[in-house]
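Chemist: Okay, here's the structure, questions in a sec.
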Amino acid sequence: MQFIPNSPLKKTMLNELKLHDINDLFSDIPQEIKIDNLRLQPGRHQQEVEGHMRTIAKQNKSFCEMPSFIGGGFKPHYIPSAVKSIISRSEFYTAYTPYQPETSQGFLQAIFEYQSIIAELTGMDISNASLYDGATALGEAGLMCTRITKKKTFVIPENISWEKKSIITNYTKGAGITVKQVAYDAKTGTINLEELKKTIDDDTAGFYLENPNFFGVFEDEVEEIHSILQKNQSLFVVGIDPISLGICKSPGEYGADIVIGEGKSLGNPLDFGGSTLGIFACKNEFLRQIPGRIIGMTKDHLGKRAFCMTMQTREQHIRREKATSNICTNEGLCMLAAATYLAWLGGKGLHELSTRNFEQAQKLRKKIIEIPGFSTVFSGVHFNEFVLRCPDAVKVHHHLLQQGMQGGLLLEQWYPKLKNCMLFGLTEVHTDESIERLVSLLKEVD
Amino acid sequence: MYHSAIWDEPLLNELEENKKEKYVLKTVLPDALQRKRLIDIPHLDETQVIRHFFHLSQMNYGIESGIYPLGSCTMKYNPKICEEISHWEGFAMLHPYQDETTAQGTLRIMYELEQMLCEITGMDHFSLQPAAGAQGEFTGLLITRAYHEYNKDFNRDEVILPDTSHGTNPASAAMAGYNVIEIPSTKEGTVDIEMLKKVLSDKTACFMLTNPNTLGIFESEITEIARLVHKAGALLYYDGANMNAIMGKARPGDMGFDIVHLNLHKTFSTPHGGGGPGSGPVGVKKNLERFLPIPRIVKKQNTYSFNYAYSDSIGKIKATYGNVSVILKAYIYILLMGGDGLKETSEIAVLNANYMKKKLIDSNLYQLPYGTLRKHEFVISCEHLRSTKGIRAVDVAKRLLDYGLHPPTVYFPLIVKEALMIEPTESESKKTLDVYIDTLLRIAQEDPSLVKDAPHNTVVQRIDEIGAVKNPILTWNQLEKTKEQAT
């Protein structure tokens, strides 16, 4: 065996235990449920497995072979080698959750720095050490709003992904929370304020606003939304794309109480959608209600600066069924990638990257709507994703695919009103050549 | 012996005089949204960033540093080949929403991994969507609710679990809206069947159990437990955190469990990443398949696709399809090990645990509550050390750090006083086990003051965790504020 050093010592060790057969160690398993073998293939040599994986990898078409312009919250970004190098340090990636702080100071300090950067980025006071992803962070935010306000309705906008809608329902149903939806304005693509006013009332624990929203459009009436919520003593939860915060105000500046988001874009590869990174930040007054781990700075008994997990009485390993969340394992390494990535970029670098993403999408959108048959759907200002109506979206999709390119996300299956609409997304990694190629292929579709 | 580097590493924002150049933000957005102030993340050179995080890495213990015997955590070696392949462009640069005809390789891996996990656990269907063990539990409990509601059985609002259960079990049950009923264990450290009979009723939704349990003891009455639970109309849930004990030996599906979650980041060797990403697939018996999260992966004539058409499904539990990079590594690991290798894994994991346990209790310095045979982990008590020398479990743990060894899990399960919960896994050599045993024995005989003040040789010495709670400093901005208040 390749990873079991004591295999050859089985007999010696059994002798020391005064046993004869390895099966003696399993005598407590009743005979009727014992099995002899697993019906799996026998173990294979590493070299053979590598060859097998190469064959399988060829059955995928990666971004490098097939440029894609899909939106929907996940997009490729450039990952600096520096980030890859740091998260490949096995002291980091093979460590457990830092239960023993004296021997985990490195990771703990990195988490403290991540929390600091996320707080700065979102305009919040504090951040946790990550949740599973942006969608489950929304679920946790919904629960937290009810814990704080004791009210049992949570309101979400219609213009978020169907996945998030399903997840928030699953997360909040156990607590007896009702989830209500507010329609978007068909013209701008942003939340319909009149509808919002009608929906938010005294019973509303919180409202979730995604900015930019699922259609890529920036929600610009944030001040008005904030004041509607304040009047009803409802909490303001804002979902962000961290890259957009290089140009966009932080939600803290417009009154958010809790900020969540998908942080995968910060130094983590696409990986077919996972592993992900759930960002969760909030105001300091809600510290005791926050889900997940938090790292604090303290001192050792000689007075030296030190870091440790803190406020643990919120957590499942101490509080069991009274914990603020069941989360234990979070997304540590993705969080480390995000911290390294943002340190590598710096504030200025993030602003420039964000601007570039914005401009790329403006450029592409302009080029596509010049093609006869393609038109704008929403008038709102968009970030690096946008919705366009095509003559025949399915036809466009298949034509591009045949030509080795992936177009926008087909929206009709989730939003029946958006017939023939595609959600395009692009970032700093999309080259001028691939943009030109997309445009010329779109022109070919009749 | 392991000695960590000791750096006085400043925070990122203390590394340099912050180069606050005058920088004019480009205005691109409407005024209501335009950022006007540059984000205060320091501007560092790549050389500085690398050196900073490199220094931090040198002050962190990983499985490649040495033995990491945290009980119920299965800290085993993470094969390099799994790591390398997961970074290949053909896997890493795949968009979750790209046309499924262009992602056949990854879909195949996911489909085949589901089949493999079915064989390993004796279940009929799996979903790879949950991001970690606790999320697997939550998913299993949502499936439990969906099942009872499907049967028009709306009365079941209780989840029963033993007092040895992992903290996530009651937390997940509460999050799913259930009342938690905890039953005490017997003198043998196993499920109290008489007690179980008393609390099972038409209000019971499910019984959650780890087998072997967190004391490392196999629940030999499991088929009787399953019979009782099913007779009451409830489901039996398997927490797979301890699956490393029984692969190729017994399967939860054959024991009568209806729902199972596994931790790919434990049993199937994917790295813990300092606390994730993990993966907590959920397996069910045939009659529960309709409730699994969507999409499901289906195979027709060698073509794989996502199927969303399951009207009774609980829906989504996590965005996309799961932590695919973790799933990929577990798949490679199972190919490497094969059925024979997985069986050998469990055999040696159990052998290693029993070997350590015997040497430690033969010394009479530590006590083993409950019967003697253990599976892959065991719990010893420092109660005798505490009453005679004032040395507590936490002191032993901290003193182990001085010898360059990672401590076991402490103070869990809660029913053992001054508990040390040790899981060596199959990855450790006999020599390493012997060193660990000898060190534990040596510590028990050391001058108590040396042990109670430990650690002495680490980056920092014993940490003021109470101070961290009393005066929370959670960001560098809060640190600045604390400094201002002090002056």
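The values are calculated or read from the model by the stated rules, or taken from the named source; none is laboratory data. Keep in mind that this is a model prediction, so the values were computed, not measured. Glycine gets a Cβ as well: all are built from the backbone with ideal geometry, and neighbour counts include every protein chain shown.
Chemist: Can you name the condition, by its number, that residue A:73 falls short on among (1) surrounded by 22 or more Cβ atoms within 10 Å (Cβ to Cβ); (2) facing chain B (nearest Cβ under 7 Å); (3) assigned to a loop (DSSP other than H, G, I, E, B)?
Modeler: All conditions pass for residue A:73, except number (2).
Chemist: Only residues that are crowded, with 22+ Cβ neighbours inside 10 Å, closer than 30 Å to residue B:459 by Cα and facing another protein chain (nearest Cβ under 7 Å): list them for region B:58-102, please.
Modeler: Residues satisfying the conditions are B:59, B:60, B:61, B:62, B:63, B:68, B:70, B:73, B:75, B:78.
Chemist: Which condition breaks for residue A:329 when tested against (1) at the interface with chain B (Cβ under 8 Å from one of its Cβ atoms); (2) not in a loop (DSSP other than H, G, I, E, B)?
Modeler: Of the numbered conditions (1) at the interface with chain B (Cβ under 8 Å from one of its Cβ atoms); (2) not in a loop (DSSP other than H, G, I, E, B), the odd one out for residue A:329 is (2).
Chemist: Still on this structure, please answer the following. Filtering region B:456-478 down to residues that are surrounded by 24 or more Cβ atoms within 10 Å (Cβ to Cβ) and in contact (Cβ under 8 Å) with a residue 40 or more places away in the chain, which residue is farthest from residue B:402 (Cα to Cα)?
Modeler: B:459
Chemist: What's the total number of residues in region B:325-346 that are in contact (Cβ under 8 Å) with a residue 24 or more places away in the chain and either more than 7 Å from every other protein chain (Cβ to nearest Cβ) or buried (at least 24 other Cβ atoms within 10 Å of the Cβ) (or both)?
Modeler: Number satisfying all stated conditions: 13.
Chemist: Across region B:247-266, what is the number of residues that are more than 26 Å from residue B:197 (Cβ to Cβ) and among the aliphatic types (A, V, I, L, M)?
Modeler: Result for region B:247-266: 3.
Chemist: Looking only at region A:28-55, which residues are within 7 Å of another protein chain (Cβ to nearest Cβ) and either polar (S, T, N, Q) or assigned to a loop (DSSP other than H, G, I, E, B) (or both)?
Modeler: A:28, A:29, A:30, A:35, A:37, A:38, A:39, A:40, A:41, A:43, A:44, A:46
Chemist: Of the residues that sit in region A:293-336 and are modelled with pLDDT of 95 or more and basic (Lys, Arg), which one is nearest to the chain's Cα centre (by Cα)?
Modeler: Residue satisfying both the conditions and the ranking: A:293.
Chemist: Could you list all residues from region A:321-339 that are surrounded by fewer than 24 Cβ atoms within 10 Å (Cβ to Cβ) and among the acidic types (Asp, Glu)?
Modeler: Filtering region A:321-339 down to residues surrounded by fewer than 24 Cβ atoms within 10 Å (Cβ to Cβ) leaves A:321-322, A:324.
Within region A:321-339, just A:321 meets the criteria.
Chemist: While we're on this one: Of the residues that make up region B:103-111, is at least one in a loop (DSSP other than H, G, I, E, B) and not acidic (Asp, Glu)?
Modeler: Residues of region B:103-111 in a loop (DSSP other than H, G, I, E, B): none.
No: region B:103-111 contains no residue that is in a loop (DSSP other than H, G, I, E, B) and not acidic (Asp, Glu).
Chemist: Checking the structure you have, find out if any residue of region A:271-287 is buried (at least 23 other Cβ atoms within 10 Å of the Cβ), small (Gly, Ala, Ser), in the same structural domain as residue A:319 (by TED's automatic domain parsing) and in a loop (DSSP other than H, G, I, E, B).
Modeler: Within region A:271-287, the subset buried (at least 23 other Cβ atoms within 10 Å of the Cβ) is A:271-282.
Narrowing the set further to residues that are small (Gly, Ala, Ser) leaves A:273-275, A:278, A:281.
From what's left, in the same structural domain as residue A:319 (by TED's automatic domain parsing): A:273-275, A:278, A:281.
With the extra rule that they be in a loop (DSSP other than H, G, I, E, B), the set shrinks to A:274-275.
Yes, because at least one residue in region A:271-287 is buried (at least 23 other Cβ atoms within 10 Å of the Cβ), small (Gly, Ala, Ser), in the same structural domain as residue A:319 (by TED's automatic domain parsing) and in a loop (DSSP other than H, G, I, E, B).
Chemist: Looking for something assigned to a loop (DSSP other than H, G, I, E, B), in contact (Cβ under 8 Å) with a residue 40 or more places away in the chain, at negative phi and surrounded by fewer than 23 Cβ atoms within 10 Å (Cβ to Cβ) - is there at least one such residue anywhere in region B:353-363? Walk me through how you get there before you give the answer.
Modeler: Within region B:353-363, the first condition is being assigned to a loop (DSSP other than H, G, I, E, B), and the residues that meet it are B:363.
Those left that are additionally in contact (Cβ under 8 Å) with a residue 40 or more places away in the chain: B:363.
From what's left, at negative phi: B:363.
Now drop any that are not surrounded by fewer than 23 Cβ atoms within 10 Å (Cβ to Cβ), which leaves B:363.
Yes.
Chemist: Restricting to region B:116-141, give me the number of residues that are more than 9 Å from chain A (Cβ to nearest Cβ) and assigned to a helix (DSSP H, G or I).
Modeler: Qualifying residue count, region B:116-141: 5.
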